[in-house]
Structures are given as C-alpha cells and as structure tokens.
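Quick notes on the structure that follows.
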Amino acid sequence: IIREKQPDLPIIIMPCPRFKPNWELHNMVKKTYENAVKNGDKNVYFIDGKTLFGKCDRDLCTVDATHPNDIGHMRMANGIARVLEKLI
C-alpha cells in the first residue's frame, strides 16, 4: 500500500536491538526485508538491530537486557543516523 502511494520513499527495516536477541523475530524481520528486495524494491534498507549496541560494553546499554537506557538510545541513534545520512 505504501509503495503504491510513495514509490520512492526509503523504508528502513530493523529488528529490535536487544542485548539478548529474539532470533525468531529477528529472522522474520530480516526475511521481510529479503522478500522486498527479491520482489524488486530498490529503496528498502536493513539495519541489523543486534549490531546497534556495538561490541564493547553491550551490557551497559539496557536496564533489563531488553529496554535501552541512555547509552543504548545513543548507540541506536548513532547507528541509525549513519544509514539516514546516506538516504537524505
């Protein structure tokens, strides 16, 4: 429906950036992206949520291994901004 109205709209698909990822949900979101690309959508982008907290001190990014705290939100914003800068 979105593509019918906005064929050039960039769409970013991103699974949750959890400290302990839900792999079933992560794979479903990634498959959605892959299907869009397979069906010819050239303006869809994937941000792998599991990478947004970085490799160092990931355990400092959430309050309960699920919900981001200030550090987690900052790292998410930085990771998403890198993709947005390319799109804008």
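For the reader, a short list of remarks on this structure follows.
- Lysine pairs within region 1-56, Cα separation less than 28 Å, 8 or more sequence positions apart or different chains: 17
- Measuring spread by the Cα atoms of the chain yields a radius of gyration and Dmax of 14.4, 43 Å.
- Angle between the chain longest axis and helix 70-87 axis [Cα atoms, degrees, rounded to 10]: 20 degrees
- Accessible area of R58 in the full protein assembly, 1.4 Å probe (Å², nearest 10): 50 Å²
- Rule-of-thumb Rg ratio for region 37-88 [Cα; 2.2 N^0.38 Å; N residues]: 1.36
- Cα-based helix-to-principal-axis angle, 23-38 vs the chain, degrees rounded to 10: 30 degrees
- Volume per residue that the Cα convex hull of region 3-53 spans, once the total is divided by residue count, Å³: 72 Å³
- By the helix-only formula, in which each DSSP H run with n ≥ 4 contributes -39500 (n - 2.57) and the sum is divided by residues, the chain has a 222 nm mean residue ellipticity of -13500 deg cm²/dmol.
The values are calculated or read from the model by the stated rules, or taken from the named source; none is laboratory data. Small disclaimer: the values here were computed from a predicted structure and weren't measured. The area values use the complete protein model at the heavy-atom level, side chains included, leaving out ligands, DNA and RNA. Shrake-Rupley method; radii C 1.70, N 1.55, O 1.52, S 1.80 Å.
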